[in-house]
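Asks: This is the structure I have questions about; it appears just below.
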Amino acid sequence: MKKATFALCVFSMILLGGFPLRADDRSKVDFIMDLFDKVEWPAGSETANTIYVIGESSVVTALESSAAESTKSGKIVNIKKISVDEEFNGCRMLFIASNDLGALAKILKKVKGTSILTVSDVDGFARYGVMINILEPGNDSKLKVGLVINKMTVRDAGLKIDEGLMEKADKTFG
């Protein structure tokens, strides 16, 4: 049994570029993709459903796969991997996979004053200014993922998050 589990892990690492896909990654990706329907961007900020990604994780690999599937279903979502130093032009949502606090400070400074939705699965990032922090679901979570929303940064960006989603969050502040 242990050999089979190890072989499956090695196979998924090779297949997914070094990051094994965890069961909760699928829930995180589904949640991220659904955010396009749960967030209202300000008038005049119409851009394509593009998610820029900074950093690497198994969630990023799963996002790329889901984006490819979304094209088949007619809901086109583009994924673009970028570095902290690149411009965020054309970005609607920014997924931060890097847990580097220095990079996070630089990212948040660059998105300030824009209507880019910031999302991360790094625990505690909502406290620093990321709008939506996706976590492992708690025992009392009303979603398949745990969720922390920083309402202050959402408001500052001129975004509106669906009230139903706000109510399901494990924690909100701001």
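Asks: Restricting the calculation to Cα positions, tell me the Rg (one decimal) and the Dmax (whole number) of segment 21-173 in Å.
Replies: Reported Rg and Dmax, both Å: 14.2, 40.
Asks: Work out, step by step, the length gained on full extension between Arg155 and Lys81: first 0.36 nm times the residue separation, then minus their alpha carbon distance; give nm to one decimal.
Replies: Details: separation 74, 0.36 × 74 = 26.64 nm, distance 2.62 nm.
Extra length from Arg155 to Lys81 when fully extended: 24.0 nm.
Read-outs: derived from the displayed coordinates by stated rules, not from any lab. Being a predicted model, the structure only gives us computed values, none of them experimental.
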